[in-house]
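Q: Quick one: structure below, then a few questions.
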2 protein chains.
Amino acid sequence: MDDKLHSLRHSAAHVMAQAVMDLLPGTKLGFGPAVEDGFYYDFQLPRALTPEDLPAIEARMKAIIKSKFPFQHTELDIEAARKQFADQPFKLDQVEALARGEMGEHGDTAAQAATSVSIYTHDSFVDLCRGPHVASTGDIPVDALKVMSIAGAYWRGDEKNPQLTRVYGTVFATKNELDEYLWQLEEAKKRDHRKLGKELEIFVLDEEVGPGLPLWLPNGGVLIEELEALAKETEREAGYVRVRTPHITKESLFLKSGHLPYYADSMYPPMELEGVRYYLKPMNCPMHHKIFASRQRSYRELPLRVAEYGTCYRYEKSGELFGLMRVRFMQMNDAHIYVPEELFEQEFMGVIALYIKYFKLFNIDKYVMRFSTHDKAGLGKKYVDNPALWEKTEEMVRRAMTNGNVNFVEVPGEAAFYGPKIDVQIWSAIGREFSLATNQVDFAQPLRFDLKFTNTNGQEEMPLVIHRAPLGTHERTIGFLLEHFAGAFPAWLAPVQMVVLPITDRHHAYANQVMARLKAENFRVTLDDRSERMNSKIRDAQLQKIPYILVVGDKEAEASAVAVRLRTGEDLKAIPIDQFIEMAKRLIQTRSLELK
Amino acid sequence: MDDKLHSLRHSAAHVMAQAVMDLLPGTKLGFGPAVEDGFYYDFQLPRALTPEDLPAIEARMKAIIKSKFPFQHTELDIEAARKQFADQPFKLDQVEALARGEMGEHGDTAAQAATSVSIYTHDSFVDLCRGPHVASTGDIPVDALKVMSIAGAYWRGDEKNPQLTRVYGTVFATKNELDEYLWQLEEAKKRDHRKLGKELEIFVLDEEVGPGLPLWLPNGGVLIEELEALAKETEREAGYVRVRTPHITKESLFLKSGHLPYYADSMYPPMELEGVRYYLKPMNCPMHHKIFASRQRSYRELPLRVAEYGTCYRYEKSGELFGLMRVRFMQMNDAHIYVPEELFEQEFMGVIALYIKYFKLFNIDKYVMRFSTHDKAGLGKKYVDNPALWEKTEEMVRRAMTNGNVNFVEVPGEAAFYGPKIDVQIWSAIGREFSLATNQVDFAQPLRFDLKFTNTNGQEEMPLVIHRAPLGTHERTIGFLLEHFAGAFPAWLAPVQMVVLPITDRHHAYANQVMARLKAENFRVTLDDRSERMNSKIRDAQLQKIPYILVVGDKEAEASAVAVRLRTGEDLKAIPIDQFIEMAKRLIQTRSLELK
């Protein structure tokens, strides 16, 4: 959020507070900041609010805005402030806290005890506030303003304090932006991956299996198989080899890799067998390094690109689990590339190219590569203590991305402990941001695992390692794709690609012929021969987001055709079956986003 | 082993004992039984034996055989036996044990104290022995006899007793049978999956990862991917759906399934998270049942065939681990079929058909379906206590196999705890037996999981469950296939399908053109452009069992051809590249056993 939007929203929060006080005299004020998607204000109210109160608050706000009251800034000494807020106990509490130097205006840590406080006033409303604000309430666009919802909150977020009522609102610079935001909210609800996951039978969570451990239903199984087929095909073409590695391993391997003790909090507890502690793997890297090190390697084999759809296990607190987005068990499009320094740039750009390829395929047009580098203060703590290697690899990545014209932002202090990383952030079709895949450079693990190859001079050399997972985990990627496509997947990915609907019982024979033809072509096709009305069968198919709805009756049987309707409602009319097969096959094989 | 072979081998053991006593006077005799592959005799010797002594023993045995000494049976009372074996301390020990009723002739439990013992004599040799024997040493075929090897053993197998020298021998009814056995032994050594697994870079075991946890190298990764592709294709055609399920789950689920406490010894120890115990899954069934039960089911959906290449974890003692054959982590060609009773026979035979299909594909021409049923005594202990259901399901399986003309043997008392099962035993190309896949009927878990569907009458009915895994686990199946094919896999399965060998540096350009063509066709092809001699490159490719060795020089470049040599050594001469591609593609796509 830029500064302008921030002061607009903060100003609107003041206006909302005035409106509530006007409507409900005796209201006591808590805090009222601007936040990510708008603003809120916390109140202690003379009566409970209901959603029905919100339009009145909004109407009152608009009246205040239209009056164009200027915002005025004053400094009051502590004694004057105490008088000013004598009947506002929470503001008074805050004045005292500021006076004691305990905290700043919004509960943040203060540098020192305040001798005066900052006040903003408009019309009759006075608030303890650092500002800044817009010049006048009239600068708030009335048509881009909305009071959104009511929630509960404790004073200073502490449940030992009184409970207050939090009213959320939002405001944008223009009505268009507000409308887009409201549409996105509405769409996000409709596209919620947990809701769609249930409706489209993609996955279930089962209390008896455990939290964060999704069971993938057959439709989810199709998505997984198709994503894996895509990854395997793409990776084969890019010269990767595939391995399989165990999911459990001795403690000593993770001590060697450095995951223990650094990463222990995110790992499952150990199991002891015959006096040895075993861990579920939180990452695949140590196993892949073991494969690299399983025999002497020559420069002829490098870059060696070792891929595996690896299963990883991470411990997340049950309160932090969220649908497919945060789970305890994940299947990762993982690979480790062992590369000599002089081939690094080329190889790194090859990996970036994979990301871009997938973005195109999934119609992801907005993305950013977030390049996380080390900070010197963290060396030896958050980061492996090797300043020269950090500088060198970061410079290699920076140069590769600059030379390759990749859109990236550099974020110091967020690197992985063994090297710089790139987090790829993408935006879904409704503009929500997801952090999906990472791409990391590793110079610490080759040292720890003593990885070597014989270079062109016949000498031993250490490779760099690139960790990469462009398709992230099935869990998070499918969660994202559910929202992104609202469940209406491209035909190649759709769990059911087509459904055959015979018009009456008389047409079952022909419907079965059509089924046999389509099955022979390996389409995922179902027959809906229930004795429901045709319209309701079509609607069911549309709700299931089945790309092609094929109605068959006398006319179609006679012409060896199918009447094709898309899930969008578009009617392609009767098409000869051969022609339909040719079209669908072509679109599926090319993994097209189009249905015709 | 039949009785005739048994008495032949037991007689040969006596002859070997006499031969050793003749050659090494003062030898004390232990036990000398017939065993699975021949016979042995334990001796306390005046000097250590070396392999160089074995031919002399064999020669002496042959002389004894040629003398045609009759075997004579006598009963001696205990006192006479004590005298007879006065200078044979181990025989005397055995006489005393028999007299006390502690054990029978070969250390087995005796019914009661003996008052006399059975003795067999031939020539000068007398042994304490129950028989039976052949009539005379002359009945032992000299040309089908071989003294094999030396090992150590404790008297009565107890390490507190004196250590004896065990000499192994074998004898068959005919020389042909001996030759075949010796060939099989030799082949089994060459085809040892641990040896081939290392030479062909299929898998490694790594001390730091842990015992029983193979790491699959890229070549092993190809085998796995190809087997999975085969299973998925076959199962798709047979109407299966695919799911994915978590590998860890709450203790309560395994209590519900009955794996706990029954199966706890074979499971990994639990991990505790937030006060709940989680286990690694030893089997996939409970998860699949959860998927079946995730919503209301109708008869229209049945049989529901739920497939997953599921990963299971079993605890085996480290002393019992063996290469790929006994591991702690396995990837299983699993599926559970939920079927109404009236469709059971048809569905069960469909599963059997899958097995047969795979046997053909892998050229497995000898197999037996071992039908394990319950025994009444085990009800409520080894077996779910529901006699009527046991009878009914066993009868259904028996009828299905009889009607389907399936070759099966019935083995009472070896069923799984939740129902009858079929273990499929197969023989490798060199005649070794493997127990690979199982197929089980389950009527207990549907009850435990309260599985139901709405039948055609609109009533709730419980399905039967068939557990099946025709391709077993990757670990054991690939171990078997390594031996079966001696690493020379059919082209569709071969990790590297072809190698291109340019004759000189001048031919690198054409070799690269050929590589590009072959890669574009998705063959797994490598280029051997090392500056080694052509013959040594061909030999290397043959050792790697690469099906097609493609030599390219001037003639081939001119004719757009490749000179094709099979790994068998067969020379197919120059073939136009298009024609070679067409042939290889056809053989690979049809998963042929042939290379041309």
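Q: Consider the stretch A:295-315. How many of its residues are in a loop (DSSP other than H, G, I, E, B) and either assigned by TED's automatic domain parsing to the domain that holds residue A:473 or surrounded by 16 or more Cβ atoms within 10 Å (Cβ to Cβ) (or both)?
A: 5
Q: Also, I was wondering about something else. When both residues are 6+ apart or on different chains and their Cβ atoms are under 8 Å apart, which pairs have a first residue that lies in the stretch B:1-28 and is without any contact (Cβ under 8 Å) to a residue 24 or more places away in the chain, and a second that is part of a helix (DSSP H, G or I) and surrounded by 15 or more Cβ atoms within 10 Å (Cβ to Cβ)?
A: B:27/B:20; B:27/B:21
Q: Identify the residue in the stretch A:123-133 that is touching a helix residue (DSSP H, G or I) at 6+ places or on another chain (Cβ under 6 Å) and not aliphatic (A, V, I, L, M) and, among all such residues, is farthest from residue A:19 (Cα to Cα).
A: Checked the stretch A:123-133; the qualifying residue farthest from residue A:19 (Cα to Cα) is A:132.
Here is a yes/no grid of residues against (1) touching a residue at least 40 places away in the same chain (Cβ under 8 Å); (2) in the same structural domain as residue A:161 (by TED's automatic domain parsing); (3) surrounded by fewer than 19 Cβ atoms within 10 Å (Cβ to Cβ):
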residue	(1), (2), (3)
A:39	yes, yes, no
A:62	yes, yes, yes
A:91	yes, yes, no
A:101	no, yes, yes
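Q: Does residue A:431 fit the bill of being of a type outside the set (A, V, I, L, M, F, W, C), more than 30 Å from residue A:352 (Cβ to Cβ), away from chain B (no Cβ under 14 Å) and open to solvent by 20 Å² or more (accessible area, probe 1.4 Å)?
A: For residue A:431, the condition - of a type outside the set (A, V, I, L, M, F, W, C), more than 30 Å from residue A:352 (Cβ to Cβ), away from chain B (no Cβ under 14 Å) and open to solvent by 20 Å² or more (accessible area, probe 1.4 Å) - is not met.
Q: Continuing with this model, one more query. Of the residues A:578, A:554, A:529, which single one is touching a residue at least 12 places away in the same chain (Cβ under 8 Å) and within 25 Å of residue B:242 (Cβ to Cβ)?
A: Residue meeting the stated conditions: A:529.
Q: Considering only the stretch B:537-551, I want to know if a residue exists there that is part of a loop (DSSP other than H, G, I, E, B), at pLDDT 95 or above, open to solvent by 60 Å² or more (accessible area, probe 1.4 Å) and not acidic (Asp, Glu).
A: If we filter the stretch B:537-551 for residues that are part of a loop (DSSP other than H, G, I, E, B), which is where we start, we get B:544-547.
Then drop every residue that is not at pLDDT 95 or above, which leaves B:544-547.
Next cut, open to solvent by 60 Å² or more (accessible area, probe 1.4 Å) only: B:544.
With the extra rule that they be not acidic (Asp, Glu), the set shrinks to B:544.
Within the stretch B:537-551 (the criterion being part of a loop (DSSP other than H, G, I, E, B), at pLDDT 95 or above, open to solvent by 60 Å² or more (accessible area, probe 1.4 Å) and not acidic (Asp, Glu)), the answer is yes, since at least one residue qualifies.
Q: Quick one: is residue B:518 buried (at least 16 other Cβ atoms within 10 Å of the Cβ) and touching a helix residue (DSSP H, G or I) at 6+ places or on another chain (Cβ under 9 Å)? Full working, then the answer.
A: Values: buried (at least 16 other Cβ atoms within 10 Å of the Cβ): yes; touching a helix residue (DSSP H, G or I) at 6+ places or on another chain (Cβ under 9 Å): yes.
Yes.
Q: Which of the residues belonging to the stretch A:329-358 are out of contact with any helix residue (DSSP H, G or I) (no Cβ under 9 Å at 6 or more places or on another chain) and open to solvent by less than 10 Å² (accessible area, probe 1.4 Å)?
A: If the condition is that a residue be out of contact with any helix residue (DSSP H, G or I) (no Cβ under 9 Å at 6 or more places or on another chain) and open to solvent by less than 10 Å² (accessible area, probe 1.4 Å), then A:351, A:355 are the ones that fit.
Q: Continuing with this model, one more query. Looking at (1) away from every other protein chain (no Cβ under 12 Å); (2) in a helix (DSSP H, G or I); (3) open to solvent by less than 10 Å² (accessible area, probe 1.4 Å), can you tell me which one residue A:282 breaks?
A: It is condition (2) that residue A:282 fails.
Q: Here's something else I'd like to know. Restricting attention to the stretch A:254-279, and to residues there that are part of a helix (DSSP H, G or I) and touching a residue at least 60 places away in the same chain (Cβ under 8 Å), which single residue is surrounded by the most Cβ atoms within 10 Å (Cβ to Cβ)?
A: If we filter the stretch A:254-279 for residues that are part of a helix (DSSP H, G or I), which is where we start, we get A:254-257, A:259-262, A:264-266.
With touching a residue at least 60 places away in the same chain (Cβ under 8 Å) added as a condition, the list becomes A:256-257, A:262.
Numbers: A:256: 18, A:257: 24, A:262: 13.
Filtering first and then ranking leaves A:257.
Q: Another question about this same structure. If the requirement is being open to solvent by less than 70 Å² (accessible area, probe 1.4 Å), in the same structural domain as residue B:95 (by TED's automatic domain parsing) and within 25 Å of residue B:93 (Cβ to Cβ), which of these qualifies: B:31, B:69? Show your work before the answer.
A: Details: B:69 fails: within 25 Å of residue B:93 (Cβ to Cβ).
Criteria check complete, one pass: B:31.
Quick grid of which residues meet (1) part of a loop (DSSP other than H, G, I, E, B); (2) touching a residue at least 60 places away in the same chain (Cβ under 8 Å); (3) not aromatic (Phe, Trp, Tyr):
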{"residue": "A:132", "(1), (2), (3)": "yes, yes, yes"}
{"residue": "A:146", "(1), (2), (3)": "no, yes, yes"}
{"residue": "A:150", "(1), (2), (3)": "no, yes, yes"}
{"residue": "A:168", "(1), (2), (3)": "no, yes, no"}
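Q: Let me ask another. Inside the stretch B:205-260, can you point out the residues that are closer than 30 Å to residue B:383 by Cα, more than 9 Å from chain A (Cβ to nearest Cβ) and polar (S, T, N, Q)?
A: Hit for the stretch B:205-260 is B:257, nothing else.
Q: Here is a list of conditions, (1) facing chain B (nearest Cβ under 10 Å); (2) within 17 Å of the chain's Cα centre (by Cα); (3) among the basic types (Lys, Arg), and residue A:326 meets all of them except one; can you say which number that is?
A: With (1) facing chain B (nearest Cβ under 10 Å); (2) within 17 Å of the chain's Cα centre (by Cα); (3) among the basic types (Lys, Arg) applied to residue A:326, the lone miss is (1).
Q: Would you pick out the residues in the stretch B:359-387 that are farther than 28 Å from residue B:259 by Cα and in a helix (DSSP H, G or I)?
A: Of everything in the stretch B:359-387, those that are farther than 28 Å from residue B:259 by Cα and in a helix (DSSP H, G or I) turn out to be B:359, B:360, B:361.
Q: Can you tell me which residue in the stretch B:285-294 is most open to solvent (accessible area, probe 1.4 Å), limited to those that are in a helix (DSSP H, G or I) and not β-branched (Val, Ile, Thr)?
A: Ranking the candidates gives B:290 first.
The values are calculated or read from the model by the stated rules, or taken from the named source; none is laboratory data. Since we're looking at a predicted model, the values are computed, not measured. We place every Cβ from the backbone using ideal geometry, glycine too, and count neighbours over all the protein chains shown. To get the accessible areas, we keep the full protein, side chains included, count just its heavy atoms, and leave off ligands, DNA and RNA. Shrake-Rupley method; radii C 1.70, N 1.55, O 1.52, S 1.80 Å.
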